[in-house]
Amino acid sequence: MARRREFDREAALGNAISAFAEHGYEGTSTDKLLDAMNISRQSLYNTYGDKRQLYLEALQTYAAQSIAEQLQSLNGGSPLKGIESMLNAFILRPSKSCLGVSAVCEFGHRDPEIAMLNDTAARALRAALERRISEGKASGEIDAGINETAAAHFVMATLSGIKVAARGGAPLEALRDIMRLALRSLA
């Protein structure tokens, strides 16, 4: 008879997400994962497969949660306020590590499965941004001459830049300055 799992799978996955976000895939040894997740090696293999499968599940879970949070912020209030809320939500996060940016920096597009997960998340966010920017143009809150796709790319690059700057230790006020300049460019 199979032994019952004695740990919270979701909590362990959350700890793996944090470890991968902080140290990257290559920088997170199996032993680091086991310590972070507080599970045995056998539990890792029985529950998640191997380190790569765990990483893919962690990245997929992180991307889904991150996009859901970003969309919730983005869809609150007016279009420009929604964009501000989305950028500010990351600035105010206690942890400045982002598994998505970490994955892009570490793998780029050389790993098709990781690239697909990152590209899917990026497409969802870009589409939502384009919609909100279009709404802002229609209401007069965002400059009518702005191209929605280009502006969405710009906001996404700004968000990534904020994430990298935060990871590099930029002070809160510097991150807010980046956000304010980006918002000003849209009005």
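The values are calculated or read from the model by the stated rules, or taken from the named source; none is laboratory data. Keep in mind the model is a prediction, meaning the values are calculated, not measured. All Cβ positions, even for glycine, are placed from backbone atoms using ideal geometry, and neighbour counts span all protein chains on display. Accessible surface is based on the protein model in full, side chains and every heavy atom, while ligands, DNA and RNA are left aside. Shrake-Rupley method; radii C 1.70, N 1.55, O 1.52, S 1.80 Å.
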Original post:
Of all residues in segment 148-173, how many are in contact (Cβ under 8 Å) with a residue 24 or more places away in the chain and over 29 Å from Glu22 (Cβ atoms)?
Top reply: 1
**OP:** Would you be able to tell me the number of residues in segment 2-39 that are free of Cβ contacts under 8 Å to residues at least 12 places away in the same chain and either in contact with a Leu (Cβ under 7 Å, 6 or more places away or on another chain) or on the phi > 0 side of the Ramachandran plot (or both)?
**Re:** 1
**OP:** Mind listing just one residue for me: the one in segment 43-95 that is within 18 Å of Leu129 (Cβ to Cβ) and acidic (Asp, Glu) and, of those, modelled with the lowest pLDDT?
**Re:** Glu69
**OP:** Hey, can you tell me all the residues within segment 160-173 that are surrounded by 14 or more Cβ atoms within 10 Å (Cβ to Cβ) and assigned to a helix (DSSP H, G or I)?
**Re:** Ser160, Gly161, Ile162, Lys163, Val164, Ala165, Ala166, Arg167
Subject >> Unmet criterion (only one of (1) touching a Leu at 6+ places or on another chain (Cβ under 6 Å); (2) assigned to a loop (DSSP other than H, G, I, E, B)) for Ala152 >> reply: (2)
Original post:
Does Gly145 satisfy the condition of being more than 21 Å from Ala19 (Cα to Cα), assigned to a loop (DSSP other than H, G, I, E, B) and of a type in the set (Gly, Ala, Ser)?
Top reply: yes
Subject >> Filter result (closer than 15 Å to Phe20 by Cβ and either touching a residue at least 60 places away in the same chain (Cβ under 8 Å) or over 9 Å from the mean Cα position of the chain (by Cα) (or both)) within segment 60-73 >> reply: Gln60, Thr61
Original post:
Restricted to segment 132-142, and to residues that are over 16 Å from Glu84 (Cβ atoms) and part of a helix (DSSP H, G or I), which residue is most open to solvent (accessible area, probe 1.4 Å)?
Top reply: Ala138
Original post:
Quick one: would you say Arg176 is more than 13 Å from the chain's Cα centre (by Cα), of a type in the set (D, E, K, R), surrounded by 13 or more Cβ atoms within 10 Å (Cβ to Cβ) and over 29 Å from Phe20 (Cβ atoms)?
Top reply: no
Original post:
List pairs: first in segment 74-100 and closer than 22 Å to Gln60 by Cα, second of a type in the set (Asp, Glu) and assigned to a helix (DSSP H, G or I), Cβ under 7 Å, 6+ apart or cross-chain?
Top reply: Ala89/Glu69; Ser97/Glu22
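Any chance you could count how many residues in segment 106-127 are among the aliphatic types (A, V, I, L, M) and more than 15 Å from the chain's Cα centre (by Cα)?
Total meeting the criteria: 1.
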**OP:** Return the only residue of Gly76, Gly49, Gly108, Gly100 being in contact with a helix residue (DSSP H, G or I) (Cβ under 8 Å, 6 or more places away or on another chain) and over 21 Å from Ala166 (Cα atoms).
**Re:** Gly76
